Amino acid sequence: MTNDLHVRLRRSPAGWRSYAAVMLRARPPVTDIGSPRTITLSVQGLRLRVHEAERYSRVCGFGSQAALPVTYPHVLAMPLHLRIFAMPEFPLRPMGLIHLTNAIETTGEMRRGQLLDIDVSARDYRRTDAGLAFDMVTEIRGDGRVLWRETCCFLSRWRESAQRPAGRPPRPPKAPKDAALLAELPVSLRTAWDYARVSSDFNPIHLSDRAARFFGLRGAIAHGMWSLARSLALPTIPATPARIETQFLTPVQLPAKVAIKEWTADGAVRRALCDVRTGRVHMYAWWASD
């Protein structure tokens, strides 16, 4: 008999309602967690609203292009992510989670105004040298078929390894010297607030230096999913179908100035978000080249 939990919601939850439990609900030490159950939330008939997609597109630099940004469906699933994090059955402390990797598969195009069904699951927990990792898997369907899938890998560190780099994704080589410089842009607390308003991600570590320091950071950091979206909001965005994989390496400490660079290697287009001053790679994404 399975111990998995599957909850079907009548409507997408309001993300802000989950934040008190996300931040304040007591959780056991990660070392005391055994075999967590899979938690799945589902919602049907969610309408893809035109004005919300357009606001997101402007904030993330996609402008007024006709196609829906490839990262936008993450925003549709975000309230379900937050609801799972807020549930007493979710064993980990959400504020301590590290977003390590992301994989997005597009298998069909979404239409503005379309009715969508969304399933989100916290699953596949596994112990690593650095901590307990798990996947947050999202599947979005429309017209009876899967249109978009995403797998976010998160890590909850063992307490004794919290200050060590072990378990983080391997640092990629620096962008080649002949990599194309696609953009340089400033990133600030205003950037973070603008993204929070269009994504429902009001995690305080992105919005306040004081709050970020309370949770053990040096100061506020940019949203990882904003970094990915902004990096893809340039020419040659992958067409459907596509698979885009991402590694998040070092957070963007606010304020900052970042560069977006692109090159091709091993049959894949690679795009990196780098610190302009140090050249440090914050995150990089890749997808198959044509």
(request) Given the peptides 31-42, 145-156, arrange them by the average over their residues of other C-beta atoms within 10 Å, most packed first. (result) 145-156, 31-42
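For segment 198-269, what does the relative contact order come out to in percent, with C-alpha contacts under 8 Å and a separation of six or more? Write out the running numbers ahead of the final one.
Working: 50 pairs, mean separation 16.5, N = 72.
About 23 percent, as a whole number.
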(message) Could you give the length gained by full extension between R243 and A14, i.e. 0.36 nm per residue of separation minus their alpha carbon distance, to one decimal place?
(response) 79.5 nm
(request) Go ahead and set up a Gaussian network model of the chain, Cα springs under 10 Å, then flag whichever of G113, G96, G219 fluctuates most. (result) G113
(message) Using Cα-Cα distances under 8 Å and only pairs 6 or more residues apart, what relative contact order does segment 1-158 have, in percent?
(response) 28 percent
(request) Per DSSP H run of n ≥ 4, the term is -39500 (n - 2.57); total these for the chain, divide by its residue number, and report the mean residue ellipticity at 222 nm rounded to 500 deg cm²/dmol. (result) -5500 deg cm²/dmol
(request) With 5 Å bins from zero, work out the P(r) of the chain over every alpha carbon pair and list the percent per bin. (result) 1, 5, 12, 16, 19, 18, 14, 9, 4, 1, 0, 0
(request) For segment 1-91, calculate the relative contact order in percent as a whole number, restricting contacts to Cα pairs under 8 Å that are 6 or more residues apart. (result) 47 percent
(message) As a footprinting exposure proxy, order K257, K177 by other Cβ within 10 Å, with the fewest listed first.
(response) K177, K257
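Place a +1 charge on the Cβ of each Lys and Arg in segment 1-158 and a -1 charge on the Cβ of each Asp and Glu, then give the dipole magnitude about the Cα centre in debye, rounded to the nearest 20. Kindly include the intermediate steps, with their values, before the conclusion.
Numbers: 22 positive and 15 negative charges, 103 e Å.
It works out to roughly 500 debye.
Please report M110, M283, M78 as a ranked list, fewest other C-beta atoms within 10 angstrom at the top and most at the bottom.
M78, M110, M283
Placing unit charges on C-beta atoms (Lys and Arg positive, Asp and Glu negative, everything else neutral), compute the dipole magnitude of the chain about its Cα centre in debye, rounded to 20.
Dipole of the chain, to the nearest 20 debye: 780 debye.
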(message) How much length would be gained if the chain were fully extended between V7 and K257, taking 0.36 nm per residue of separation minus their Cα-Cα distance, in nm to one decimal?
(response) 85.8 nm
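We did not get these values from a lab; they are worked out from the coordinates using the rules stated. Please read these numbers as outputs of a predicted model, since none were measured by experiment. Cβ atoms come from the backbone with ideal geometry, glycine included; neighbour counts cover every protein chain shown.
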